[in-house]
1. Can you tell me which residues in the range 80-97 are farther than 30 Å from residue 134 by Cα, touching a residue at least 40 places away in the same chain (Cβ under 8 Å) and part of a loop (DSSP other than H, G, I, E, B)?
2. In the set 14, 43, which member is farther than 20 Å from residue 143 by Cα, at pLDDT below 85 and outside any strand (DSSP E or B)?
3. If you take the residues of the range 60-79 that are outside any strand (DSSP E or B) and touching a strand residue (DSSP E or B) at 6+ places or on another chain (Cβ under 6 Å), which of them is surrounded by the fewest Cβ atoms within 10 Å (Cβ to Cβ)?
4. Out of 56, 35, 26, I need the residue that is over 22 Å from residue 119 (Cβ atoms), touching a residue at least 60 places away in the same chain (Cβ under 8 Å) and either under 18 Å from the mean Cα position of the chain (by Cα) or part of a loop (DSSP other than H, G, I, E, B) (or both). Which one?
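The values are calculated or read from the model by the stated rules, or taken from the named source; none is laboratory data. Keep in mind the model is a prediction, meaning the values are calculated, not measured. Counting neighbours? That spans all protein chains shown, and the Cβs are built from the backbone with ideal geometry, glycine included.
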């Protein structure tokens, strides 16, 4: 195995911005403490999105920050469908979401993913409900981890 030791990698124009480095799916890095290694391709989020169903903070039915998200749809009250730009390799990927409504104790949101029947390789549903069982439009932040196709 060879080792490359350098302080700076530059592109052919001589600057460090815009440098692209391709890594194989077996590339790893050492943890901060050096005790373990993590596979770079497997250790990254594959998709994330933020979508405002109500007016705050982005505007009604407006996307915020996204990655690998082709579109988002306000399907119904407290249900957002996120469509992926690049498909996942299977339907058993790990998904998460964090609905935000307001800071009132009466409106604590509880997140859930839509489940296997609505979690496909190309989309998923992010769903929210209040602690008291009511539902309302909210701002949904969600994402997935797993293997891309």
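1. The initial filter retains those residues of the range 80-97 that are farther than 30 Å from residue 134 by Cα, namely 85-90.
Pick out the ones that are also touching a residue at least 40 places away in the same chain (Cβ under 8 Å) and you get 86-90.
Scanning the range 80-97 gives 86, 87, 89, 90.
2. Details: 43 fails: farther than 20 Å from residue 143 by Cα.
None of the others qualify; the one that does is 14.
3. At the first step, the residues of the range 60-79 found to be outside any strand (DSSP E or B) are 60-61, 68, 77-78.
Going one step further and asking which of them are touching a strand residue (DSSP E or B) at 6+ places or on another chain (Cβ under 6 Å), we end up with 61, 68, 78.
Working: 61: 15, 68: 19, 78: 22.
Only one residue fits best here, namely 61.
4. Among 56, 35, 26, only 56 is over 22 Å from residue 119 (Cβ atoms), touching a residue at least 60 places away in the same chain (Cβ under 8 Å) and either under 18 Å from the mean Cα position of the chain (by Cα) or part of a loop (DSSP other than H, G, I, E, B) (or both).
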